[in-house]
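These notes are about the structure you will find just below.
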Amino acid sequence: MSALLPYLVVGVVLLALIAFLVRRSMQPVLHTAEFSGMQEAVAALRANLLPPELVDRIFSREDLEFVGSHCGRGVVEMLEQERMAIAISWLLATRRQVTKLMTFHLTQARLHSKIRFRMEMGLAVEYLSLYAAFELFMFLVWLRGPFHARKMVGPIVGMAAQICTVYGELIGDLEFKRPSRTQAPPSSARIVG
Amino acid sequence: MGPTKLLEIALWWTGILVAAVLFVRAVHTGLCRKYWLFFSYLGWVLAVEVVRFYVISSDAHVYRQFYWHTQALSVIAGYCVILEAYRGVLRNYPGAQKIATTILLALLAIVVGKAYSHPFEGPTDWLLSFTAEVERDMRTVQGLLIAFLIAVILYYSIPVGRNLLGIIFGYTLFIGTNIINLALQSSLGPSYWTPWRYLQSASYFVALLIWCITLWSPQADPKPEAVVLRERDYGLLASRTSNLLSRVRNHIVRPFGR
């Protein structure tokens, strides 16, 4: 039976992958490689940034203690559930925008013949480990509750702000060329060639 | 002749008919020239199926040996489909092509190294001793190659046209079910012989139907994006994204270390 297992795993993974690919191909094509995609992602990420005071308030234990001292267990649970929903949806939105920026990079990288193998592999490892870290973080929020995640939220806000700054600067530094077809130029990019 | 035998023959002949129709249609639409590697494979399998039917009708004892000999060549011909898929998917994406080629060469070096440590006794002996176990292993290699290609497609968000997607979809479905089927056959032995035969035929028939639907008429392949970064700016983007992801990860992971 143990000799059979690797083959069954390969077969099942293959069928799952093709199902995923076919499902993806049925969705409308996103032209994420276009410059505006990157600008939108940065703008959306900026919009998702919550002011530190608001983050403090959402994850504040004082609220929990106040509600706990005046209301019953049911209300406390309701508060915890609501705050958890906010935390998870905010994390998901942040991850979605980071993914969008990474997609922008990948859709550009796939077109360049002078792609740097080692850099791309490093990037893939970084991206996949970041994705795993997001998953872990969400799991811990779900497991321990939002009020225990307060000190973990600060870094997320910090890193999102950092992404906005870096990509904001990058937008001004990049130059694009157009290989063949004519198309309306991206709003603020410099197009040469 | 029992109803199961009749069903088997009906499936066999319908498969031959569907493959022949697809082949003629592809010659007519020009897809045969565009995907010549895939249609070489299909033509080979079609010819083999017809000859196999003739052999089993004239001498059933010779059939088993004949089946495994031709099956070995069919499995090798299957690599044409994989080549076609790689060629078609990565043609317009030199960056993704470079990454995929580098990794594939590394994998090839590992496979060749492993083969040298367990050398074959010779091509003739290998062909004569071709069995379900050998087919299972060769199909698994094909499965891994396709899985890697699909991973590249998904990771780099490469758009795939309907025709090519059909080729990949049909063949992956066929290979995936075949690996599971052959593994069960090798493990369970003769008791699984009859279900194995039916599943083998059925999975190929389903693949044929998928190919027939998706390759019935030529579809334009999606073109790469019109706006592309300059080479030096790609380097800038890559290094900044890399630094950023690394800092972001450290930010997220740090609180857990406290």
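Kindly provide the helix-only [θ] at 222 nm of chain B, computed as the sum of -39,500 (n - 2.57) over DSSP H runs of four or more divided by all residues, to the nearest 500 deg cm²/dmol?
My calculation for chain B gives -29000 deg cm²/dmol from helical runs alone.
Over all alpha-carbon pairs in chain B, figure out the percentage whose distance exceeds 22 Å.
Here the long-distance tail beyond 22 Å is 64 percent of all Cα pairs in chain B.
In chain B, if the dipole is taken from +1 on Lys/Arg beta carbons and -1 on Asp/Glu beta carbons about the Cα centre, which of B:THR70, B:PRO190, B:ALA207 is farthest to the positive end?
Going by the Cα projections, it comes out as B:ALA207.
Within 10 Å of each Cβ in A:98-107, how many Cβ atoms from other chains are there, averaged over the peptide?
Mean partner-chain Cβ count within 10 Å for A:98-107: 4.
For B:LEU164, what charge total do you get from the other residues with a beta carbon under 12 Å from its beta carbon, if Lys and Arg give +1 and Asp and Glu give -1?
Neighbour charge sum, excluding B:LEU164 itself: +2.
Could you rank the peptides B:99-109, A:64-74, A:125-135 by their average count of other C-beta atoms within 10 Å per residue, with the highest value first?
Per-residue mean Cβ counts within 10 Å order the peptides as A:125-135, B:99-109, A:64-74.
What number comes out for the charge environment of B:LEU215, summing +1 per Lys or Arg and -1 per Asp or Glu over other residues with Cβ under 11 Å away?
Net of charged neighbours comes to +3.
Any chance you could give the angle, 0 to 90 degrees and rounded to 10, that helix B:231-257 forms with the longest Cα principal axis of chain B?
The two axes meet at around 90 degrees.
Averaged over A:2-11, how many beta carbons belonging to a partner chain fall within 10 Å of each residue's beta carbon?
Partner-chain Cβ atoms within 10 Å, mean over residues of A:2-11: 6.
Could you tell me the relative contact order of chain B? Use alpha-carbon pairs under 8 Å, at least six residues apart, and round to a whole percent.
Here the relative contact order equals 25 percent.
Could you size up the charge dipole of region B:29-117 around its Cα centre, putting +1 on the beta carbon of Lys and Arg and -1 on that of Asp and Glu, and report it in debye to the nearest 20?
340
May I ask you to order B:217-224, A:6-13 by the average number of other C-beta atoms within 10 Å around their residues, highest value first?
A:6-13, B:217-224
From the mean inverse distance of alpha carbon pairs (Kirkwood) and the Cα radius of gyration, derive Rg over Rh for region A:67-132.
1.35
Within 10 Å of each Cβ in B:157-164, how many Cβ atoms from other chains are there, averaged over the peptide?
3
All of the numbers you see were taken from the coordinates with simple rules; none came from a lab. This is a predicted model, so every value here is computed, not measured. Note that we place each Cβ from the backbone using ideal geometry, even for glycine, and neighbour counts take in every protein chain shown.
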